[in-house]
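Here's the structure we're looking at; comments come further down.
Only the coordinates and a few stated rules stand behind these numbers; no lab work does. Here the structure is a predicted model, which is why all the values come from computation and not from measurement. Using ideal geometry, Cβ is built from the backbone for each residue, glycine included, and neighbour counts are taken over all protein chains shown.
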C-alpha cells in the first residue's frame, strides 16, 4: 500500500511500467534507458520486451506495436510484473493492444496528437470512435492526454533552425521518458550522458544528442508542472546482496558464460550459427570477442552451422551452435552424428513459441521433448535449462563442463523470455570460477583405441588431429566397442546404445542435488524461465496462508540424483510449464508420481496471480 | 611450418587395416591408389591430413586412408570440413564424396564452401548414379535415365559440376578420370598446393549400376577422340592424330580439322585465368565436342576464408592486446550495493 512520504511524493515498494508504440517509435530503447535509471537508483528490476517479428510493419497497425515492460522494486523481485501501474502509449494501436496489461485505476499516458481519425482507422477502431472519450475506459483508468508531438516540436524547434521535422519527431520517445522519469522520481542525467556519448561520440551527431537531451528534459519538466498526476512516486532502493552489479539479459549472459568457459577450459571456441530470432544476439555478442579465442561463423543454414561446430570439436576446439526451435529440428541429424562420434558439442536453444515458424518473438518452453528425443534412433544428449537471465551465465559454463567431460552433445535450453529480459546481476569474480579440466588423448606406445572408455566418466578419448600416432577415423556408422571400427554386430550395438546413455547418467555424480525451499505438503516443481514467477507466486500463496515448497530443475538429462526422493516426499506435486506438460510427462513416466500440471500456452510468461490462483485451486483439491 | 625433416612415406603407409568394401571393379579403387600416392608425396605429415566425406559409396573413403578422418552425414561434409579449417587451418583437408552427396543433398554446402574459398580439397567422384541406395538416377544423370525410381525415364536436366563450381566462385576447378591414375595424381597434388578450395570432378565408373557410362571418355581408344586435355597457354588440340582442335566462332566454339583450312594458330589457346573461357569450356558436351580434362580455371590471388579469418583474429589481438575476462564480464555500466 502506498504510504505518503511528503506532500507531493508517494512512496511505493513496487512499480511496473509499460511503454508501447509503433515499432519505429523507439520503445525498446526508451524502456532500456528507463531500466538503466532504475538500476542506478538501486532498485531490483526485471524487464520483458514484447515486440513483433515484423521489423517495420505499416505505421499505426496493431501488429506493428512494440512494447517494453519493466518492474522495479525496493524488494527482491523475479518477474516483470503482471498488470502495470502505468503505461505510455505513443499511438492508438499501442493503446488498443496493450490496455489489457494495465491494472484497474492505472495511469495511461498517451500521445494525444496521434489519436486522430487516420490512426484510428489504421488500428481498426470504428469510425467516429475515440477510445480516449470512452466513458467505460475513463472510469477504469486514469487517462492522461499529452500532446507529445506538439510539445516535443515546440521544445526543440528554434527559430532559423535547419533541423528536420523527422529528427525532431524521433525525439518524442525521450519526451515520454522524461515524463515517466519525473513521475517515478528517476534521474535523467545518466540517460542524457549516454545519449551524448552515443549520438555525440559514436555516431558523431552532436546535434541529435542535443535534441534528445532537450526532449527528455522537456518531458521531465512537463511532468513536474502539468499537474496531470495524482502524485509523484518514489521507490526506495532494494536491499540486494552487497556487491557490484550490472544489468544482464539472458543472451548476454550466454555470451559471457561461453567466453568464460572457453577461458576456464583453456580452449578456443568456435560458435557457428545461422541468424534466428531470438538467438541471434548470442552470435552478435560472440562475434566481437575474437580476442578471447572465439571464432564465430555465420553459416549458410542451420545444418551447416551445427556441422561446422562438430568439425571444430573433432579438431579439438569447443564447438558451439545456437538456434531456436525450428533450427533445432534442422540440426537433429547432425546432433545424432555428434552422439555417435562421441564429441563435445554445445547446442544453445533459445526457445520460442511454435510449431513451425510459430511466434518468433514470443516465449515458450515447448521444445523440451524435441530436445530430449527429436533425433533418429536411441540418441540421448545432455539437457540443461537456465532459470533466469543471470543463470544463463552459469548454465553456459555447465554446458561446456558437462559436454567435454562426457564427450557428448549438450542441448542448453534458454527461452525468448530469458534471452531478451534483463535483471540486475551480481558480477562474479572470475577467479572464483573453477577451471574446466579438458583431457586429450596422448600417445602411450600402445595401439590407440578411439572408443576405449574412461571408467569413471564413460567417455571415449578426445584425440586432436595433428597429433602423431593417434590417427583414427570416426563416423556415423555404429562403432565397435574399443576400436571404433564400423560394426554391424547385434550385441555390440546393444552395448554401445547402453554406453551412450550411461555416460550421461554418470554425470549425476558431478551435478548438484535438487534443492527445495519452503515447507508444506505440496511441492511446486518448475524448470526454465518460470522460476521467478513460481517463487513470487509461492510468496503470494504464503501471504494467503497456504504453505508450499518450491524446487527448480536446471538439469533434465540427467536429472539430479535425489529427484526421486524429493518427488516422493510430497502429497501433491504441481508443475507449471509453458507447454502442454512435457517435463511432467517425463517425470510421471520415470517416477510414477501423479504430478499435476498447470499449462500456459499464451506465448508470454505466467502472470503471478494467475499462477497462484491455479496452485491454490489444486492445493484445495479442486480442479485448476 | 616446421623445419623438422618430414618422414619419407610410401603409398602403403596411408593404407588402413580395414577391408575395402567397394564392389570389385569399382572406379573408386583407382582413385584410392592415386590418393595414397599423392599423400605420400605431398610433403605433409600424416597426422596433418584429414579426410572428410558425406554419405555414399565414395564417402567410405576416409576409412581407407590412415590419417585423421570423418565419415559424416549426407551432404554436410563441406560444413564439417569448414569447421575443421576454422579450428586448425594447418591441417590438409580432403573432402571425397559423390555426385549425389555434393550436388543434390549437399549442393548448398558445396556452393558455399566454394564461394568462401575455404582451403580444402574437394574430389567429387561423379558416377552419374546413386550406387549405395542401389541404382536411382542422380543429379548428374542424363535426361531420360531409366532407373528403379524413373521407370519411364528421368525428367530432370543434369547439373554440371564444373559449371556450378565456376559459378560459385571456385578458385581451382578441374576435371579428371578415374582410370588415369597418373593424371589424377598430378591434378590432386596441384589442387592441394592451391590456396583456397580446389574442386576436382572425377569421371568414375559404377560398374554395377551405371557401367560404361563414361566409356566414351575413359577408354584407350575413345579418350583421344572424345576428350581434350587442357594445358595452360597451349592451343586446344585433340584427337588420336592430334589433328583436331577447338576454334572460337563468335560467342561459341567449333571443332575444326587441322591441316586444310585451319592451323594451330587458328585455335583457342587455353588460359587458366580466364573465367569466361572456363565457363565456355565447361559447356562442351559429348558427342558434339570433346570433353575437357585438366584445369579449367585457377585464381591464385584470392585469399582463403580461413586465412582471412585468422588474420582478423590477429588484427583484433593486436588492437585489443591481452583479453581481460573480468573487465568483459563487468562491462561498462555498473552500480554498487553497499
Inset, instruction - Please give the helix A:27-40 orientation as an angle from the longest Cα principal axis of chain A, in degrees from 0 to 90, rounded to the nearest 10. - result: 90
Inset, instruction - Based on a Kirkwood Rh over C-alpha pairs, give the Stokes-Einstein translational diffusion coefficient of the stretch A:1-104 at 37 °C and viscosity 0.692 mPa s in µm²/s. - result: 230
Legend entry - Normalised contact order of chain A, rounded percent, pairs of Cα under 8 Å and 6 or more residues apart: 11
Legend entry - Geometric extent, Cα atoms of the stretch A:3-235 - Rg, Dmax (angstrom): 17.0, 51
Inset, instruction - Take the stretch A:436-525, drop everything but the C-alpha atoms, weight them equally and run the Debye formula without solvent; then report log10 I(q)/I(0) at 0.10, 0.16, 0.20 Å⁻¹ to two decimals. - result: -0.40, -0.76, -1.04
Legend entry - DSSP bridge pairs, the protein assembly as shown: antiparallel proportion in percent, nearest 5: 35
Legend entry - Top of B:248, B:223, B:46 by mean-square fluctuation, Gaussian network on chain B, Cα under 10 Å: B:248
Inset, instruction - Go ahead and run the numbers for FRET between residue B:10 and residue B:90, Cβ-Cβ distance against an R0 of 22 Å, rounding to 0.05. - result: 0.40
Inset, instruction - Report, for the stretch A:3-235, the % of DSSP beta bridges that are antiparallel, rounded to 5. - result: 50
Legend entry - Computed FRET value (nearest 0.05) for residue A:610 with residue A:440, which takes r as the C-beta separation and R₀ as 60 Å: 0.70
Legend entry - Overall Cα dimensions of the stretch A:247-432 - principal axes, largest extent first, Å: 43, 37, 27
Legend entry - Gain upon complete extension [residue A:157, residue A:589; 0.36 nm per residue less C-alpha separation]: 148.7 nm
Legend entry - Ellipticity estimate at 222 nm from DSSP helix runs (n ≥ 4, -39,500 (n - 2.57)) divided over chain B, nearest 500: -8000 deg cm²/dmol
Inset, instruction - Once you've got the GNM for chain B with C-alpha springs shorter than 10 Å, pick whichever of B:296, B:49, B:172 has the biggest mean-square fluctuation. - result: B:49
Inset, instruction - Distance from a point 7 Å along Cα→Cβ of residue A:13 to each backbone N in the stretch A:79-118: keep the residues under 19 Å and list them by number. - result: A:79-86
Inset, instruction - Quick one: work out the % antiparallel among DSSP beta bridges in the stretch B:1-155, nearest 5. - result: 20
Legend entry - Separation of the residue A:508 and residue A:284 label points, Cα + 7 Å toward Cβ, nm: 4.2
Legend entry - Relative exposure of B:177, A:436, judged by other C-beta atoms within 10 Å (fewest first): A:436, B:177
Inset, instruction - Would you mind telling me which residue in B:233, B:225, B:142 has the biggest mean-square fluctuation in a Gaussian network model of chain B, where springs connect alpha carbons within a distance under 10 angstrom? - result: B:233
Legend entry - Theoretical ellipticity at 222 nm over chain A - DSSP helices of four or more residues, -39500 (n - 2.57) apiece, nearest 500: -11000 deg cm²/dmol
Inset, instruction - Compute the Rg/Rh shape ratio of chain B: radius of gyration over Kirkwood radius, all on alpha-carbon atoms. - result: 1.05
Legend entry - Kirkwood Rh in Å, taken over all unlike Cα pairs in the protein assembly as shown: 31.5
Legend entry - Part-to-part distance (alpha-carbon centres) for the stretch A:466-533 and the stretch B:48-127, which is given in Å: 28
Inset, instruction - Enter the angle in degrees (range 0 to 90, nearest 10) between the Cα long axis of helix B:28-41 and the first principal axis of the Cα atoms of chain B, meaning the one along which they spread out most. - result: 50
Legend entry - Other protein chain Cβ atoms within 10 Å, averaged over every residue that makes up A:295-305: 5
Inset, instruction - Sort A:345, A:587 so the one with the fewest other Cβ atoms within 10 Å of its own Cβ comes first. - result: A:587, A:345
Legend entry - FRET efficiency estimate (nearest 0.05) - Cβ-Cβ, residue A:169 to residue B:269, R0 56 angstrom: 0.30
Legend entry - Separation of alpha-carbon centers, the stretch B:223-276 and the stretch A:53-117, rounded to whole Å: 73
Legend entry - Intensity falloff of the stretch A:286-338 expressed as log10 I(q)/I(0), Debye formula with alpha-carbon point scatterers, at q = 0.17, 0.23, 0.31, 0.32 Å⁻¹: -0.52, -0.88, -1.26, -1.29
Legend entry - Acute angle (nearest 10 degrees) that the helix A:531-543 long axis makes with the longest principal axis of chain A, alpha-carbon atoms: 60
Inset, instruction - Take A:181, B:252 and order them by how many other Cβ atoms sit within 10 Å, fewest up front. - result: B:252, A:181
Inset, instruction - Output the relative contact order of the stretch A:516-619, whole-number percent, from Cα pairs under 8 angstrom with separation of 6+ residues. - result: 32
Inset, instruction - Compute the relative contact order of chain B as a whole-number percentage, counting only Cα pairs closer than 8 Å that sit 6 or more residues apart in sequence. - result: 14
Inset, instruction - Would you mind estimating how fast the stretch A:516-619 diffuses translationally, via Stokes-Einstein at 25 °C and 0.890 mPa s with the Kirkwood radius over Cα pairs, in µm²/s? - result: 181
